[in-house]
Amino acid sequence: ETNSNRWIAKKWIGRGEESKVYIEKLARLSSTWTLQNKTLLLQAEGQFSARNFEAAEKLYDDAIVSSKKHKFVNEEALANELAGHFYLDTGRKDKSLRYFSQAEEKYREWGAVAKALKLANYLGKD
């Protein structure tokens, strides 16, 4: 890994942390349930970046459950997709495919057909 790549990674991790803090503040000041899934998803991504995989795993699932509970189909799709990338990047392809498949289903339900087709293509469902 080059110094340039490390600098870029650090920059994006910092931006993610800033976003997480901002959304947590908004959640405290307004509607917690509206922002809960976003906060959990940003926390999951932060834990993944910090290589704290056990915490990330739980947070991805919590973000999915929160999205589902509050009927945010688009957020549920995104949380499943990001969890799929997490599992793929941590060497658990079989588990990642389940999350990608769920993401595809939720993108279709939401009406994001192009995104669903991209995931279906990846999953070999053509």
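The values are calculated or read from the model by the stated rules, or taken from the named source; none is laboratory data. Computed from a predicted model, the values in this text were never measured in an experiment. Cβ: placed from backbone, ideal geometry, glycine included. Neighbour counts: every protein chain shown. The area values use the complete protein model at the heavy-atom level, side chains included, leaving out ligands, DNA and RNA. Shrake-Rupley method; radii C 1.70, N 1.55, O 1.52, S 1.80 Å.
Listed values (1) 23, 21, 13; (2) 29, 17, 12; (3) 35, 21, 14 include one computed from this model; for semi-axes √(5λ) of the Cα gyration tensor in Å that value carries the label (1). Across the chain, the relative contact order, built from alpha-carbon pairs under 8 Å that are at least six residues apart, equals 15 percent. Rolling a 1.4 angstrom probe over the chain with all protein chains present gives an accessible area of which 55% lies on carbon and sulfur atoms. Of all stretches in the chain that contain no trypsin sites (Lys or Arg not before Pro) in a DSSP loop with at most 14 other Cβ atoms within 10 Å, the longest one is 72-124. A 1.4 Å probe run over the protein chains yields, for the chain, 63 Å² of accessible area per residue, whole-number rounding.
When only Cα pairs below 8 angstrom with a gap of at least 6 residues are kept, region 35-102 shows a relative contact order of 26 percent.
If you bin all the Cα-Cα distances of region 32-77 at 5 Å, starting from zero, the percentages per bin are 6, 29, 31, 19, 12, 4.
What pairs from K95/K115; K11/K68; K10/K106; K58/K115; K95/K125; K38/K118 go past 27 Å between their alpha carbons? Pairs exceeding the cut-off: K11/K68; K10/K106.
At full extension, S30 and E18 could sit 2.5 nm farther apart than now, given 0.36 nm per residue minus the alpha carbon distance. Result for the chain in a Gaussian network model with C-alpha springs under 10 Å: among A56, A79, A112, the largest mean-square fluctuation is at A112.
Over all other residues within a Cβ to Cβ distance under 11 Å of A27, the charged ones net out to +3, with Lys and Arg as +1 and Asp and Glu as -1.
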